1. Treat each spin label as a single point 7 Å out from the Cα along the C-beta direction, and report the V480 to T22 distance in nm.
2. Hey, could you grab the Kirkwood Rh for segment 499-582? Inverse mean 1/r over distinct alpha carbon pairs, Å, one decimal.
3. In whole Hz and in residue order, list the ³J(HN,Hα) couplings for segment 434-442 that follow from phi through the Karplus curve 6.51 cos²θ - 1.76 cosθ + 1.60, θ = phi - 60°; x for Gly and Pro.
4. In whole Hz, what ³J(HN,Hα) sequence does segment 103-108 give by Karplus (6.51, -1.76, 1.60; θ = phi - 60°), x for Gly and Pro?
5. On a C-alpha basis, how far is the centre of segment 380-459 from the centre of segment 281-295 in Å? Whole number, if you could?
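None of the figures in this text is laboratory data; all of them are computed from the coordinates on show. Here the structure is a predicted model, which is why all the values come from computation and not from measurement. Here the Cβ positions follow ideal geometry from the backbone for every residue, glycine too, while neighbour counts run over all protein chains shown.
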Amino acid sequence: LDFFHGFYAEEKLVGNLASVSTNERIKAIQKMPETMKKKREIRNKVLKEIGKKSRHHRTPDSCCTKCLQGTAVSLRRFGNRLSECFHLLQLRHKALKIIGANFGTSVLSYFIFLKWLQTFNIFSFLINFSFITIPQFIAAEPNNLSFTGLELLTGAGYFQQTVLYYGFYTNATISKIKNGPSYNMQLAYIFTVGIHFVICFLILLFSMTESFCRNVINPQGFSGNASKLLCAWDFNITNEKAVKLQQKNLSTQIKEDLTEVSQEVLNFSVTERVVHIVIHLSTWVASLGTALAACAGVYFLSINNLKLFAEEHKNDLEGQASTLVLPVVVSLLNTLIPFFYSWLGRLERFQTPGYQIYVTIIRNVILKISIVGILCYYWLNIVAASESQCWETLVGQDIYRLVLVNFIFCLLGSFFGEFLRRIIGTTICVSLGLPEFDIGQNVLDLIYAQALTWIGILFSPLLPGIQMVSFFIVFYVKKVSLMMNCQPPRKVWRTAMMTTSFMFLLFFPCFLGVLSVIGVTVWRLKPSEECGPFRGLSSMYAAVSEWIKILENYTASKWVVWIYRNLITSELFFFILSIISL
């Protein structure tokens, strides 16, 4: 009797829902205290009931009505396919939940930051590919160079005559139809790069502000302890694995909150404080001295590397192999010196793991930004003044090699730094135990790689696509290495400022420093005479000045000239814009 009563009640419910409007039906189903699976079953039954009623009362449709119905069905199918694609893009959401449940929010913040950077590079790649690369394909000439495979490492040879580098792009106005619309490659190139950086600036500023408000100004408004304990459970979860994962995730978050609340402030004696100050000063002198020595080595090696590459008696294979010396040495320094910094951090014995991570990150920032600064000085003052036919392509090749070798070292770091460390800690020296995930070093590797990508966009427009693929691989390699080789942090702790700090470091000094490099290149350096879209001009920016002079002759374009004269070239406008941004 209970079965028939429930069946009758459900049939009555389906009939009632089929007779109301679409919006009322959706709201009614959403408010039902049922699982998502049950709600879907009810929705499907209601749709079938509506279909039956429409067939009974159907009138002969006109041709126009059939066309409209066919269009509506096609749009609905397209929407379903699009939603499926977005669902595939969100597959990593489960991986993030597993990481957060097992290792806490501090380690999770690294993977969230990595995922966010990958989305950033997808956006950059689509912009450059759409407005720079696709038009160049139309005007491109066939590549007569042979492909040997070594180009994948060096970026030279066959790739030199492809859309990968600045030197391959034409300076002509592209037009496939006689007397038809044309495409000015000079303006497309500089405006695409310029608008890309403006959009990146706004996204970074908005993301940093949102993260600061959420985690610093009003953290309890987003994750209160009482609400997390009493209201955070999702009662629609019925799968056993999902239930256990949700329990573990909530348990880890509550432990982090309790650890932060119960944190004790240690009182040291005067002697202990003096010893701690001496240790801190000594470690800072050692870290800064190491960074200075690394920068000096990179500078002299880069000078010598340019001489080796320019020697005519070098054969192609030996000459291309010599170009890998600089990126390998730079990647070695960026990989080995952070281990020294981590050892210094353990000597200092900070009160909380957060302090140690932040100090390690600051030291790594100084190291990596100093090395990038030395390389930028080398590219803009030495390579740009060399006698090479296309110095922009040489810079693009250098950055390509740096990005690729850094990616290889990142993968090797997961093997040697985590896998072998686990083998040693579990078999040879059991007292070491399993390694912990080094958040500071891994985050700075991402910021360093993104800085190289932003610098290289002007010289290699497709570099964001390469970085996009490398970040995708790094995400899963790091995730597998973390789950197999690493242990959760010994001290359970939460850092609300972690993601905000990552974005701040990405914005300053990384992004603002890149803008300075791009600004010097566009406004002050003379382009190569024999390659690239800006050949024959005094500077890349001269293409915009020439375009504005042409627009002055057209009355309909006076507003563009006014914006250029009163805003783009106005120091006061950028000063006010900077104040508003800050």
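1. Result: 4.5 nm between the two label points.
2. On the way: mean 1/r = 0.0646 Å⁻¹.
So the Kirkwood estimate lands at 15.5 Å.
3. Running phi through 6.51 cos²θ - 1.76 cosθ + 1.60 with θ = phi - 60° gives 7, x, 9, 6, 7, 5, x, 5, 5 Hz.
4. 10, x, 6, 5, 6, 4
5. Their Cα centres are 20 Å away from one another.
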